[in-house]
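One structure is given below, encoded as structure tokens.
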Amino acid sequence: MAGTRQTTSVPMDNAAVVDAKPLRTLTPMFPAALGLHTFTAKENSSSIVCITPFGPYAGGTEQAMPASIPPMFASPAAPADPNQRQPYAVHLNGAAPANGTANNTGVIPDLQIAVAGTVESAKRKRGRPKRVQDSSVPSAHLVPSAPGGNITAVQTPPSATTDESGKKKRGRPKRVQDVPVLSTPSAPQVDSTVFQTPASAVNESVTRKRGRPRRVQDGADTSAPPIQSKYNEPVLQTPSAVTLPEDGKRKRGRPKRVPDGALIPLSHSGVSIDDDSGEIITGKRGRPRKIDVNLLNLPSLFSDDPRESVDNVLMMFDALRRRLMQLDEVKQGAKQQHNLKAGSIMMSAELRANKNKRIGEVPGVEVGDMFYFRIEMCLVGLNSQSMSGIDYMSAKFGNEEDPVAISIVSAGVYENTEDDPDVLVYTGQGMSGKDDQKLERGNLALERSLHRGNQIRVVRSVRDLTCPTGKIYIYDGLYKIREAWVEKGKTGFNVFKHKLLREPGQPDGIAVWKKTEKWRENPSSRDHVILRDISYGAESKPVCLVNEVDDEKGPSHFNYTTKLNYRNSLSSMRKMQGCNCASVCLPGDNNCSCTHRNAGDLPYSASGILVSRMPMLYECNDSCTCSHNCRNRVVQKGSQIHFEVFKTGDRGWGLRSWDPIRAGTFICEYAGEVIDRNSIIGEDDYIFETPSSEQNLRWNYAPELLGEPSLSDSSETPKQLPIIISAKRTGNIARFMNHSCSPNVFWQPVLYDHGDEGYPHIAFFAIKHIPPMTELTYDYGQSQGNVQLGINSGCRKSKNCLCWSRKCRGSFG
């Protein structure tokens, strides 16, 4: 723009407001006059000169503008016709004299732009700029100049003007109404370029909410003309696949999901849906992976039985968490919170139960259930808060509506009193140590629950003995608030206190944990004990024999052993190949032969948890050079759990634990004598044989969730083996495990002292988290001959099943 050019006013008859793209997105071309910026839209097109209202030259030419720079606007003479409209003044953030008139006021015909910092008849107020009214003009205008094709653009913040009352409102600037973009009046002497404001820059009829910028609607034309410069800097464009609700308002929180057919990133996990293939896409940002959309309707995950659905969701979550941990160990990268990552994937794929909040019991969740992570409780609908302890909802009581608490977690963070298993004194939330707690959110919901008298689910916590910093959460049942008060906390500030009493008639929850804790510390405190240690020191921890049912003094006599006695000596059996690891086997070591035999991964985590079930598991053996502390030596070390053999009501003797058992934990090995099928004489109820048909158990993770190829069920189901073990005359605690059609334990063949795959060790692992004093059961299976002919085609005779589970088959063996 040369200094000889003069600005030309636009006649009112053909006046148009041309909306401009925000100048922060335009690319500057240098050199430009000091205090000015020159922009261009295309090659060989006209330029745009912007007056910069900031910096040392913000005061205008009359204050500090060099003389070499020509004035931008020429002040027109007073109109001769009194009816002619007066030109509108433009204030360019200059200093105002005592009368309030700015010194750097230019004149633009027929266009008025108010700039923050000046009001014609009032003093400039300190603080944030004032908001503009919805009827305000958009924040930038293009003014056609003299012949030559240039356009003068003046950038004005939208927060420049005050409201009708002259008061400045606090907060972020208010959005202006959408102003139609009109084309520039055709004139042969003006070559104007129109820049269209992105759809996300204006709001149709509502005010802008605080937070991130508004998303644009599907199908909105958000592609802006590329701004070319000699530097070829890219211009960011708003993706068109992000949608808004129908009312045009963006809701706070996580982005709203879209149905199949749109590609939109979901929260946290990078999961989306491909509009071409209709498949789920998951993985790292920028590198999506596809998974089968049919995974959302797994028949084995959701069932008519709410308990089965909850168990399946928790099993899939923990399997996914274990696999993520296994993968990260191979990468040897920074430690991640695998539970949150697994929970995010499950949430994004809608693999969860009880999505709606409710007061009272949660279908499928039973008193005494245990959880190792808060996200597990979110997945089953017990408590939807992953961090906060108070979960609440708005509920109707007659014609009134109140926010009431529905679930609380006592995690030991606040000053709670939990000595009594039936009474909990719960402290409100917001204990920052800097101020009193406020009667809002969860605290308000607890106060309203006191008046409404609704039931509240209570989750208590205990320390995880296997992890120094870990916790175990126990669902303790339904409580009601009886009292509430305010008292001074340890920090000296006021806190809310609530006394909750447990509803009568419920099974024991935390009370069981308190009892077993005392027994572990002092086994003699256990009552109804017949024998303090039925193993006579063979196990690492004593095994109590207890009868609380009748006067029977114990099971029939047998010799206790922890070994598997083969018919042939181990020296005559095939040897296993050993690894050459120096100290211990490490994840991702391609030179470890034991890793290769286990499908390329070590089967256990660093804490000894089984990651995945497999047809055959190979532990390190005597031929390996690794030490006894290698993580791939679990079963051969024996059980590490406090067991109790107890008398059941109708199924003889059973087995349970004083310890909480985590999913994937090794429980025990089936010890006894390896026998031949033809050598069985008489009835033997202590036979183990691999069933020809076992109930389908999908315990491993779903590889589709991680973008891995799907695996067949045979990848985790052991094959039928010729080995038969009898524990009638000699055996261990495994002989007391009863059958169940809904078991909490599965068997896994393991090799570690020989290489004959037909006669492995039979190890038992936990299917799911097992609370203390819960009977341990596994599925004995059912031979096809027993089902079809009613005869004994196997070594175990068919018997009526007394497991009383919802999936009971009626018989086993």
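The values are calculated or read from the model by the stated rules, or taken from the named source; none is laboratory data. Just so it is clear, the model here is predicted, and its values are computed rather than measured. Glycine also receives a Cβ, built like all others from the backbone with ideal geometry; neighbour counts cover every protein chain displayed. The accessibility values were calculated without ligands, DNA or RNA, using every heavy atom of the protein model including side chains. Shrake-Rupley method; radii C 1.70, N 1.55, O 1.52, S 1.80 Å.
Observations, loosely collected:
- Consider the range 632-655 and keep the residues that are in a loop (DSSP other than H, G, I, E, B) and open to solvent by 50 Å² or more (accessible area, probe 1.4 Å). The one that is modelled with the highest pLDDT is Gln640.
- With respect to (1) within 37 Å of the chain's Cα centre (by Cα); (2) closer than 23 Å to Arg322 by Cβ, the lone exception for Leu655 is condition (2).
- The conditions of being charged (D, E, K, R) and either open to solvent by less than 40 Å² (accessible area, probe 1.4 Å) or within 22 Å of Ala606 (Cβ to Cβ) (or both) are not met by Lys355.
- Criterion: of a type in the set (Asp, Glu), part of a loop (DSSP other than H, G, I, E, B) and over 32 Å from the mean Cα position of the chain (by Cα) - qualifying residue of Asp436, Asp420: Asp420
- Single condition Lys471 does not satisfy, out of (1) open to solvent by 50 Å² or more (accessible area, probe 1.4 Å); (2) more than 24 Å from Pro772 (Cβ to Cβ); (3) basic (Lys, Arg): (2)
- Scan of the range 423-433 for residues that are crowded, with 16+ Cβ neighbours inside 10 Å and either assigned to a loop (DSSP other than H, G, I, E, B) or charged (D, E, K, R) (or both), ordered by number: Gly428, Gln429, Gly430, Met431
- Out of Asp476, Asp420, Asp464, one residue alone is open to solvent by 50 Å² or more (accessible area, probe 1.4 Å) and not aromatic (Phe, Trp, Tyr). It is Asp420.
- Of the strands (runs of 3 or more DSSP E) lying entirely inside the range 661-753, not one carries at least 3 residues that are among the β-branched types (Val, Ile, Thr) and outside the structural domain of Val546 (by the TED database).
- Looking only at the range 328-358, residues that are farther than 14 Å from Phe317 by Cα and in contact with a Ser or Thr (Cβ under 9 Å, 6 or more places away or on another chain) come to 3 in all.
- Of the strands (runs of 3 or more DSSP E) lying entirely inside the range 485-560, not one contains at least 1 residues that are open to solvent by 60 Å² or more (accessible area, probe 1.4 Å) and on the phi > 0 side of the Ramachandran plot.
- Trp658 vs. criteria open to solvent by 20 Å² or more (accessible area, probe 1.4 Å) and either at pLDDT 95 or above or among the β-branched types (Val, Ile, Thr) (or both): no
- Taking the range 405-417 as the range and being surrounded by fewer than 17 Cβ atoms within 10 Å (Cβ to Cβ) and not in a loop (DSSP other than H, G, I, E, B) as the test, only Thr417 passes.
- Among (1) crowded, with 18+ Cβ neighbours inside 10 Å; (2) closer than 22 Å to Gln455 by Cα - the single one Glu361 does not satisfy: (1)
- Every condition in (1) open to solvent by 70 Å² or more (accessible area, probe 1.4 Å); (2) closer than 15 Å to Arg482 by Cα is met by Asn399 except one, and the failing one is (2).
- Complete set of residues in the range 561-611 that are without any contact (Cβ under 8 Å) to a residue 40 or more places away in the chain and either acidic (Asp, Glu) or open to solvent by 50 Å² or more (accessible area, probe 1.4 Å) (or both): Asn568, Ser569, Ser571, Ser572, Leu586, Asp589, Asn590, Asn591, His596, Arg597, Ala599
- Residue count, the range 754-763 (criterion: assigned to a strand (DSSP E or B) and either surrounded by fewer than 23 Cβ atoms within 10 Å (Cβ to Cβ) or of a type in the set (Gly, Ala, Ser) (or both)): 2
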